[in-house]
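The values are calculated or read from the model by the stated rules, or taken from the named source; none is laboratory data. On a predicted model such as this, the values are computed, not experimentally measured, just so you know. Ideal geometry is used to build each Cβ from the backbone, glycine not excepted, and the neighbour counts take in all protein chains shown. Accessible surface is based on the protein model in full, side chains and every heavy atom, while ligands, DNA and RNA are left aside. Shrake-Rupley method; radii C 1.70, N 1.55, O 1.52, S 1.80 Å.
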Amino acid sequence: MADGVHGLKGEASTTDGNLPSGWCLATVEEVAWVNPPGKTVSPSDDTIISFLPMPAVEALSGEIDLNDQRPFGSVKKGFTRFREGDLLFAKITPSMENGKIAVARGLKNGLGCGTTEFHVLRPSEAVAVDFLRYFVLRDAYRGEAKRHMSGAVGQQRVPKSFLASTEIPLAPLAEQRRIVSRIEELFSKIEAGERAIKQGRKDLKRYRKAVLKAAVTGALTEDWRAANPSTETGEALLTRILEERREAWEVAEIGKLKARGKVTPKTAAELSKLRARYKAPEAAVPPDELDVPDGWNWAALEELCLIKGGVTVDRKRAVTDPVTLPYLRVANVQAGRIDISEIKEITVSKMKAHDCALQAGDILLNEGGDLDKLGRGWVWYGQLNPCLHQNHVFRARPASPKVSPEFVSHYANALGQSFFMEKGKQSVNLASISLTAISRLPVPLPPYEEQLEIVSRVEEALSRADAAEATLDEQARAARALRQSILKAAFTGRLVPQDPNDEPARKLLKRVKARAQ
């Protein structure tokens with residue numbers, strides 16, 4: 001009994017609806033063997049075969065990475081077996097939704113093993129494997145499969161029974177091949193456009209990086225400086241900022257005393273005692289590889305800002321005098337934007353809430369996450385009031401109105417990454433950077449008027465990039481919609497003409513089943 005047809009079940013549906021002439025409805029298990037027994041792929045243990053983990057299958061395109069080859073004996077247990085020409089269907093979320101569905105082609109010795117998260121469909125002679133693949137690749141089908149998933153959240157899977165019982169409109173075999181050929185012809189044209197979109201995204205990414213680098217190194221405003229000589233150098237500005245920083249610290253300390261109901265300094269002696277606690281920030285250590293224009297100066301982040309960690313999320317800790325407020329997590333603080341689409345709340349003491357409350361103009365920098373994401377962030381504009389920040393998000397509050405928070409944040413996102421990666425610490429699952437380390441970030445300091453000009457030019461350039469990205473997004477959506485329109489036409493008989501000389505699908509299916517008996 002041939003493996004390709006063994007196990008095919010039932011009879012094709014007798015209710016074919018409005019299908020084209022020569023077509024019939026059949027279930028997947030009538031035209032393909034769903035998860036054939038592993039014993040059907042049993043070479044000797046030393047036979048080299050292809051090994052396909054889930055990442056080896058590219059979403060939607062169906063391309064597979066065949067570089068991983070292993071002796072069959074090392075993978076015959078605990079993995080799914082398949083052979084040349086089988087259809088691999090990722091059954092687990094999110095791989096299924098992403099469209100990890102591929103035909104196993106080019107396998108070493110015609111054999112393969114892979115993750116158990118694949119369903120294997122072995123087509124009979126009644127169906128072309130690519131015809132079957134394009135049918136299950138449709139957004140509509142994968143959406144329906146998602147609704148039938150079962151299991152724990154985050155680990156849900158499409159059951160075999162759903163896949164097996166799926167009804168497929170089956171065209172005559174010759175027409176199936178014509179349909180597949182036409183789909184691939186049309187898709188190749190779409191793919192050329194999608195490659196251009198992908199290249200456009202890469203170009204925009206490089207453009208944004210170039211704009212930010214030019215901004216924070218002075219190249220972007222070289223013409224502006226020539227036409228607008230500054231009356232105050234960055235060095236003189238830093239001296240003024242440091243004086244204002246000490247004053248801002250003093251105001252903040254008195255505010256803390258008031259919030260805690262404690263006595264604030266009343267006499268000159270008491271004020272002098274408070275001021276004696278002030279710790280001057282360390283001067284910046286400029287990076288060797290970066291030069292700034294004449295008239296600019298280097299400053300450590302802590303020279304420009306008062307930096308603070310946030311609230312610790314600990315639901316077990318008892319809170320006195322509690323208040324429940326929204327707070328920002330690492331997920332909310334992205335490079336160049338604040339995402340408040342999902343905000344959580346936390347219960348803390350009123351004193352803690354006072355200490356960690358955000359103010360418009362605060363610079364937010366991430367303390368934890370992936371190593372290459374350390375220090376990313378943006379400016380808080382008071383989108384929610386009140387709002388706190390988690391301990392994995394640092395708050396850098398400019399000590400002077402002459403410090404542009406946007407300029408500092410642009411620099412941290414553009415050229416701060418190497419500093420953060422050098423000073424950060426990598427654990428098994430998480431990278432982090434200390435408040436002390438991030439405080440030492442060297443920041444170029446232009447005169448204030450030039451800071452404003454830089455920010456203005458950056459925002460104009462990035463808005464153009466955003467508009468171009470929006471156009472690419474729309475083109476990508478149009479390409480995806482066109483693909484789905486082509487697939488819809490394919491499986492309703494409108495993509496290629498019918499040929500009355502083709503053997504009807506129902507007749508072919510009966511003949512294939514009869515041979516399997």
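Before moving on, here are some points about what is shown:
- Applying a length cut-off of 20 Å (Cα extent along the axis) and a mean Kyte-Doolittle floor of -0.5 to the DSSP H helices of the chain leaves 234-259, 448-490.
- In a simple Cβ point-charge model (Lys, Arg +1; Asp, Glu -1; nothing else charged), the range 308-396 has a dipole of about 160 debye relative to its Cα centre.
- Tail beyond 29 Å, pair distance distribution of the chain (Cα, percent): 65 percent
- Measure of compaction for the range 225-329 (Cα Rg per 2.2 N^0.38 Å): 1.53
- As a rough guide to protection, the peptides 40-47, 305-312, 171-178, 321-328 ranked by mean Cβ packing within 10 Å, highest first, stand as 171-178, 305-312, 321-328, 40-47.
- Packing, taken as the mean count of other beta carbons within 10 Å per residue, orders the peptides 230-243, 266-279 from highest to lowest as 230-243, 266-279.
- Once you divide the Cα radius of gyration of the range 28-180 by 2.2 N^0.38 Å, the number left is 1.01.
- The chain, dipole about Cα centre (Lys/Arg Cβ +1, Asp/Glu Cβ -1), debye to the nearest 20: 1940 debye
- Across all Cα atoms of the range 111-184, the radius of gyration (one decimal) and Dmax (whole number) stand at 14.1, 43 Å.
- Protection-proxy order for peptides 330-338, 183-191, each taking the mean of Cβ atoms within 10 Å per residue, highest first: 330-338, 183-191
- Restricting the calculation to Cα atoms, every distinct pair contributes to the Kirkwood radius of the range 304-415, found to be 14.1 Å.
- Average 1/r across all pairs of distinct alpha carbons in the range 451-517, invert it, and you get the Kirkwood radius: 17.1 Å.
- When Rg and Dmax are taken over the Cα atoms of the range 148-304, they come to 32.6, 98 Å.
- Positive minus negative residues near Phe89 (Lys, Arg vs Asp, Glu; Cβ under 14 Å): +3
- The range 138-224: C-alpha pair distances exceeding 19 Å, %: 70 percent
- Calculated Rg and Dmax of the range 202-267 using C-alpha coordinates, Å: 20.9, 62
- Unit charges at the beta carbon, dipole of the chain: most positive-side option, Leu66, Val443, Leu25: Leu25
- Net charge of neighbours whose Cβ lies under 15 Å from the Cβ of Gln426, counting Lys and Arg as +1 and Asp and Glu as -1: -1
- All-pairs Cα distance distribution in the range 90-131, expressed in whole percent, bin size 10 Å: 24, 49, 27, 1
- For Met149, the solvent-accessible surface computed with a 1.4 Å probe is close to 20 Å², ligands and nucleic acids excluded.
- Between the range 187-212 and the range 64-124, the alpha-carbon center distance in angstrom: 31 Å
- Shape box of the range 18-106 [Cα atoms, principal axes, largest first, Å]: 52, 27, 23
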